[in-house]
Amino acid sequence: MPSDALLSVRDLSVDFDGVPALSGLSFDVRPGEVLALVGESGAGKSVTARALLGMCPRGAAVSGSVLLRGTPVTAADRGRRIALVPQDALSALSPVLPVDGQLALAVRSVQGLSRRDALARAREALAEVGIPAARVSAYPHELSGGMRQRAVIAMATVNRPELVVADEPTTALDPGTRDKVLGVLGDRCAAAGASLVLVTHDLGAVGAHADRMVVLYAGRPAEYGPVDRILRRPLAPYTEALLACLPTAGTPRKSRLPTLPGRPPAPGALGAGCAFAPRCRYATVRCHTERPAARSVDGREVACHLDHLESV
Ligand code: SF4
Ligand code: MG
C-alpha cells in the first residue's frame, strides 16, 4: 500500500449467490481527495459503497481487502472514522426526532459532550450546511429534500470522520439544488479533513467536484486515474463512449448518464471476454474470449486490450 493512501481497496469482489456484482476492483483514496466512482445503473457502484463501509447484505460473498489506514473497516468505525451519505436522506434520519436533536445524539455518542454542548454543536453544524436557525428543530418530513440531504451531510461530517462515502447523494433532488448540495458536501468534507468517495452517474458533477475517478462497467473497473486526464482524453472505449454522449458546453446537463447503444450485460451473463465487448466499436476476437487486465497507461489504469494504448 502506498504510504499516502487513506483507504486502500485491493481486488475487491462481491458475489450474490455466485453471481458477481463486483469483480477485481482496486483503488486508493488519498487524504483530503475526492474520488468519484462512476458508472451506469447496475455497474456495481452502490455495492462498492456498501463494501467500503463493511455493510454488504447477508448472503453477499465479499473477497479482497478494504483497509482504512492499514486496518480493516469495522462496524465500530461507521459514523466515526467512516460515514455514509445515502441517496435517500429519509433512510438516514430518524422520523421521530427533530434534526438538531438527532444530530446532538450523534455528537454525544462520539464526542462525549454534555447534552447542552452537544445540542449547541449540532445546531452549529446545521448552520454550517446552510439550514436556517428557524428550521433546525424541524422533523425530517417537514424539510425539503435538499434541506434533508444537508442535514444528512451535517450528520456524516459532524464527528470529523476520515472518510465520507456518498452514494448518489443528489439523485433525488431537482437539478437546481444538486450542485449546491454537492458544493456543501465537498466543503464540509474539506472542513472536517475527510476524504470523499462520491458515487455518481453524473459526469458533470465528477468534472466539477472530483480529483480522481474510477469508471465501472458491469461490475468491473474500466479506467482509473485523474479526472482532468480522463475527461480530456479517455482511453478505455467505455469511458470514451460515455463522454461522447455528453451534451456539449452550453446545453443543459443531463441528470442521467446518456444512453449508449445496447445495454450492459445482466449480472451473471458475462462471458469470458471483456464485459464491454458486445457494445464496443473496437472489439476484436480476443476481446470476446479474454478478459483484459488493468494496465498503467498515461498516468492511469486502463483495462483494455487495445494495442494502440501502448503508444499513448
Ligand atoms: Fe473494447 Fe476490447 Fe477494449 Fe473491451 S478490451 S473495451 S471490447 S477494445
Ligand atoms: Mg446505486
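Each value in this text was obtained by applying a stated rule to the coordinates, not by laboratory testing. Not measured: the values here are computed from a predicted model. Don't worry about glycine lacking a Cβ; one is built from the backbone with ideal geometry, like all the others, and counts go over all protein chains shown.
Please label the shape of the chain as rounded, prolate or oblate, based on the square roots a ≥ b ≥ c of the eigenvalues of the alpha-carbon gyration tensor (a/c under 1.5 means rounded; beyond that, a/b larger than b/c means prolate, else oblate).
prolate
As a calculated quantity, the FRET efficiency between E142 and R116 at R0 = 25 Å, using C-beta atoms, amounts to about 0.55. Computed per residue of the chain from DSSP H runs no shorter than four, each worth -39500 (n - 2.57), the mean residue ellipticity at 222 nm is -9000 deg cm²/dmol.
Between E290 and A76, the C-beta separation translates, for a Förster distance of 41 Å, into a calculated FRET efficiency of about 0.45. Contact order normalised by length for the chain, with contacts defined as Cα pairs under 8 Å and 6 or more residues apart; what percent is it? Reported as a whole number, the value is 19 percent.
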